1. Among the listed residues B:Gly110, B:Gly89, B:Gly43, identify the single one that is at positive phi and either under 36 Å from the mean Cα position of the chain (by Cα) or surrounded by fewer than 20 Cβ atoms within 10 Å (Cβ to Cβ) (or both).
2. I need the helices (runs of 4 or more DSSP H) fully contained in region A:32-139, keeping only those with at least 2 residues that are within 16 Å of DNA strand D (Cβ to nearest atom).
3. Pull up region A:159-181, narrow it to residues that are among the β-branched types (Val, Ile, Thr) and crowded, with 22+ Cβ neighbours inside 10 Å, then point me to the one that is modelled with the highest pLDDT.
4. Check A:Glu24 against each of (1) of a type in the set (D, E, K, R); (2) facing chain B (nearest Cβ under 9 Å); (3) touching an Asp or Glu at 6+ places or on another chain (Cβ under 6 Å) and name the one condition it does not meet.
5. Of all residues being facing another protein chain (nearest Cβ under 7 Å) and buried (at least 17 other Cβ atoms within 10 Å of the Cβ) in region A:46-57, which is farthest from DNA strand C (Cβ to nearest atom)? Just the residue, please.
6. Do you know which of the residues in region B:215-230 that are in contact (Cβ under 8 Å) with a residue 40 or more places away in the chain and hydroxyl-bearing (Ser, Thr, Tyr) is surrounded by the most Cβ atoms within 10 Å (Cβ to Cβ)?
7. Looking at (1) in a helix (DSSP H, G or I); (2) crowded, with 18+ Cβ neighbours inside 10 Å; (3) within 13 Å of DNA strand C (Cβ to nearest atom); (4) of a type in the set (Lys, Arg), which one does A:Lys26 not meet, given that it meets all the others?
8. Residue check: is A:Leu302 over 16 Å from the mean Cα position of the chain (by Cα) and either surrounded by 18 or more Cβ atoms within 10 Å (Cβ to Cβ) or among the hydroxyl-bearing types (Ser, Thr, Tyr) (or both)?
2 protein chains.
Amino acid sequence: MERTRVIDTDELLSIRAAELYYEENKTQDEIGTLLRLTRWKVGRLLAQAKASGFIRIEIVHPRARRLSVERRLREATGLTDAIVVSSAGVATDEELQSRTAQAAADYLTGLRPVPRTLGISWGRTLHEVALHLKQGWAHGVNVVQINGGVSLNRRAGTAAATAVNIAHKGAGAATLLPSPAILERLETKQAIESDRAVAAVLNLATAASAYLFSAGQADENSALVDSGYLTAPQVAELVRKGAVGDIVGRYIDSNGNIVDPELDGRTVGIQLEQLRQAKMAIAVIAGGSKHAIARAIVGSGLCTVLVTDEDTALAILGDEA
Amino acid sequence: MERTRVIDTDELLSIRAAELYYEENKTQDEIGTLLRLTRWKVGRLLAQAKASGFIRIEIVHPRARRLSVERRLREATGLTDAIVVSSAGVATDEELQSRTAQAAADYLTGLRPVPRTLGISWGRTLHEVALHLKQGWAHGVNVVQINGGVSLNRRAGTAAATAVNIAHKGAGAATLLPSPAILERLETKQAIESDRAVAAVLNLATAASAYLFSAGQADENSALVDSGYLTAPQVAELVRKGAVGDIVGRYIDSNGNIVDPELDGRTVGIQLEQLRQAKMAIAVIAGGSKHAIARAIVGSGLCTVLVTDEDTALAILGDEA
DNA sequence: CGCTCGATTGCTCAGATGAGCAAGATTCCG
DNA sequence: CGGAATCTTGCTCATCTGAGCAATCGAGCG
């Protein structure tokens, strides 16, 4: 049963007018004749219908963006830029991921000035961004990994492939970070970081002119669990301590703070501070399970540009429908 | 993963243009400047986007109708008139029923010439139509029941109440059909029909200037089962014989033919032929479970006017999304 | 190479539309 | 009941937009 509400005569008229205008594309004048109104009244009814939100216009296309949401995001959060892809007519989280990755690729391609050195993380999302980039998207970009790579499981090499792919398509070279993501002992981590080869890459990463990264949710499906760096119970413990997800391998809470300093100490890669101080840090985050981490990242200034889907954007803005 | 398809440069541009036009309401001229196109090109891109169906405009309001679907229905079926309410943003079948009943009430109210005698059936739907009619919707309509009434269960009187309500609000009188819907023995049915009081009502019903009725689906939730005239197994047997639902108490198959002549012989009310020959026969049918019966009714010419919801209308037209 | 045919582009012009304004209607008080 | 304040209405005018047309471009082909 619909909520009982007094419906103003004008409201009904405005709906009739809207039907004739938008469905039958009649002119306001014709509608005026039909409804026995002046054409100005019809124009006003139509304006009223729009203002009351009765007219919903959706752009249904995989490449469609939501400019109004982007603007609101920029204004509400102080992001330099926000790219929000439409969720209209999307069934699966996978499709959302794909659309968002496409949009990130488009954004990178259109970026001016083109970054000389691009620091990237790795993961399913970035891998897909790499796939969507077109050959020749840039003319000589150096790509450098900013956190330790996947290497413990059968998917060894995807992190490297992502970096190489992005660099190759942009007519540049990739510099890989030859290190695990998380080490078991602090001493090992310190040793590896002081190794000349690793230290050089980290220096390069610190000096990157732009960063591109995604984020992982804090649950048993995390890429870090999948890669064998953490176990499901360890992640559960992190969640208990307030973790909402990870960014460049580091788990943060909803305020953007490191959840477990000891674990963080054993994690190889640039520091979150470096992202916070970067001129350009592009986060690419999509899917319903990443609302919390997206919010934490944007809220704590970990990125300057966010590429995401409409639902995540609305979650950040706090407009639950 | 979205279907891989070559996306024409113009297609992408048309999406960008549409975003700026519909979301940011910029003029085509402004968009031209932004996208480095002439304003004519922008106009053409926008037209292309519309034509390709990328722009979806919905009117979101409980009273919204789908004029384009109505037109298609009229053209495809030869109905005199079709009223289709929008399903946009509707969660429940109940809401759909309510909207459709509202629309039927609106249709009746706007009907010219106002019928002198209106023959009606009874049921949940018609009851709701009666509720939605406004006091004074007509100035003197005589209402007559066209089929035997509910009387076996605790809801005794709702059929009568519906008729009285419609008549009362239309400043007229109701004539009730003092008979059960279905009798157990043929002889009893013949006897009751030849009774002067009943015969007089049936004559009046036959001469009605317009009919208003709903339909029931053929399953254990049917009003006839609920009222105790039939049992669930009996209905199951009817379904086995091809029944898709009932109209004025008579079960029909998908071609609009009586399914069980013996049962039909024991059913009191006007004949289906009388509906088929009527100048105006308004069917009010809503909800997912009534697609089949709606199709049968429209397909076999049992109504001249159909009031229904968008999904049912599309089912009749055979456009499954 | 030059020609033809179809597609695309830029344009003119008329029709459609929104902003702003003044006259008229309505409400709200005292 | 009167008069002020507000809202609504009809209108002018400037702008926006779509239809239709001629010029241009480009592919295909002899």
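1. Details: B:Gly110 fails: at positive phi; B:Gly43 fails: at positive phi.
Selected residue: B:Gly89, the only one of B:Gly110, B:Gly89, B:Gly43 that is at positive phi and either under 36 Å from the mean Cα position of the chain (by Cα) or surrounded by fewer than 20 Cβ atoms within 10 Å (Cβ to Cβ) (or both).
2. Working: elements: A:39-51, A:67-77, A:93-110, A:124-132.
Here the list reads A:39-51.
3. Taking region A:159-181 first, the residues among the β-branched types (Val, Ile, Thr) are A:162, A:164, A:166, A:175.
Filter once more, keeping what is crowded, with 22+ Cβ neighbours inside 10 Å: A:162, A:166.
On the way: A:Thr162: 94, A:Ile166: 97.
Ranking the qualifying residues of region A:159-181, first place goes to A:Ile166.
4. So the condition that A:Glu24 fails would be (3).
5. Among them, the one singled out is A:Phe54.
6. Initially, region B:215-230 is screened for residues in contact (Cβ under 8 Å) with a residue 40 or more places away in the chain, giving B:215-219, B:221, B:223-224, B:226-230.
From the residues that got through so far, the ones that are hydroxyl-bearing (Ser, Thr, Tyr) too are B:227, B:229.
Working: B:Ser227: 22, B:Tyr229: 24.
Ranking the qualifying residues of region B:215-230, first place goes to B:Tyr229.
7. (1)
8. Details: over 16 Å from the mean Cα position of the chain (by Cα): no; either surrounded by 18 or more Cβ atoms within 10 Å (Cβ to Cβ) or among the hydroxyl-bearing types (Ser, Thr, Tyr) (or both): yes.
The answer is no for A:Leu302.
The values are calculated or read from the model by the stated rules, or taken from the named source; none is laboratory data. All values reported here derive from a predicted model rather than from experimental measurement. Because the Cβ atoms are built from the backbone with ideal geometry, glycine has one as well, and the counts that use them run over all protein chains shown.
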